[in-house]
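Student: Before anything else, here's the structure in question.
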Amino acid sequence: MILIKSYIKHGISQMLINSHNRNYSIAMVTTSGQLAVEKALYRAVYKLNVTDQDNIDYPFIEEDNSN
């Protein structure tokens, strides 16, 4: 389940995240942009943090090491 912060009430998101008998994974995004959603799907599939953090190594994002 992907939650878009701008389109969901705080109480509903907390209920979904804190549910003890959930059979789904959750990730949250601030925008509905393609990269944000892809990153959220990756986090949900691998049961990582609900929100995006800088220390997640997404395998589909190439680093630009040209500097």
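The values are calculated or read from the model by the stated rules, or taken from the named source; none is laboratory data. No experiment lies behind these values; they were computed from the predicted model shown. When the accessible area is computed, the model is the full protein with side chains, heavy atoms only, and any ligands, DNA or RNA have been set aside. Shrake-Rupley method; radii C 1.70, N 1.55, O 1.52, S 1.80 Å.
Student: Could you order Arg22, Arg43 by accessible surface area, starting with the largest, using a probe radius of 1.4 Å?
Tutor: Numbers: Arg22 90, Arg43 5 Å².
Highest to lowest solvent-accessible surface, that is Arg22, Arg43.
Student: Another one. Could you do me a favour and compute the accessible area per residue for the chain, 1.4 Å probe, result in Å²? Show your work: numbers first, answer last.
Tutor: Working: 5270 Å² over 67 residues.
Ligands and nucleic acids excluded, the figure is 79 Å² per residue.
Student: Take Met28, Met15 and sort them by solvent-accessible surface of the protein heavy atoms, 1.4 Å probe, largest at the top.
Tutor: Details: Met28 25, Met15 120 Å².
Highest to lowest solvent-accessible surface, that is Met15, Met28.
Student: Here are several values of Cα extents along the principal axes in Å: [x] 45, 23, 16; [y] 60, 28, 13; [z] 75, 20, 19. Which one was derived from the coordinates shown?
Tutor: Label [x] holds the value from this structure.
Student: If you count only protein heavy atoms and use a 1.4 Å probe, how large is the accessible surface of Glu38, to the nearest 10 Å²?
Tutor: Accessible area of Glu38: about 70 Å².
Student: Using only the heavy atoms of the protein chains and a 1.4 Å probe, how would His20, His10 rank by accessible area, largest first?
Tutor: Details: His20 190, His10 135 Å².
Result of the area sort, largest leading: His20, His10.
Student: Where does helix 34-45 land angle-wise versus the long Cα axis of the chain, in degrees 0 to 90, nearest 10?
Tutor: Relative to the chain, helix 34-45 is tipped by roughly 60 degrees.
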